[in-house]
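Remarks on the structure that follows.
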Amino acid sequence: MAHLSALLMPISGFADFEKQQQADRNREDARQLAEAASEGDKNLYFIDNYLRENLGDPNTPSLIQLREQISSSQKKAAIEEINQSK
């Protein structure tokens, strides 16, 4: 029984390695979210300018819907949704 218990004990340093890996994943997720948010901001800027310059354009309703989708995705911090809205 003692031998089995010894086998189940974590290897020294593994917990630290696991924490480091999780921290790396968190940093990567934060970087991807920042990139997606930045891209979303660029798209919102373009849509706003286009709408301002082309008020009667037939594409206006679809652009307004796209703008709302991007804005909603940014508020929810949904990377996939922001990237799909491009």
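The values are calculated or read from the model by the stated rules, or taken from the named source; none is laboratory data. All of these numbers come straight from a predicted model, not from anything done at the bench. Glycine also receives a Cβ, built like all others from the backbone with ideal geometry; neighbour counts cover every protein chain displayed.
Tabulated data
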| read-out | value |
| --- | --- |
| Set L4, L8, L55, L33: member being aliphatic (A, V, I, L, M) and under 27 Å from A77 (Cα atoms) | L33 |
| Breaking point among (1) modelled with pLDDT of 80 or more; (2) in contact with a helix residue (DSSP H, G or I) (Cβ under 8 Å, 6 or more places away or on another chain), for E35 | (2) |
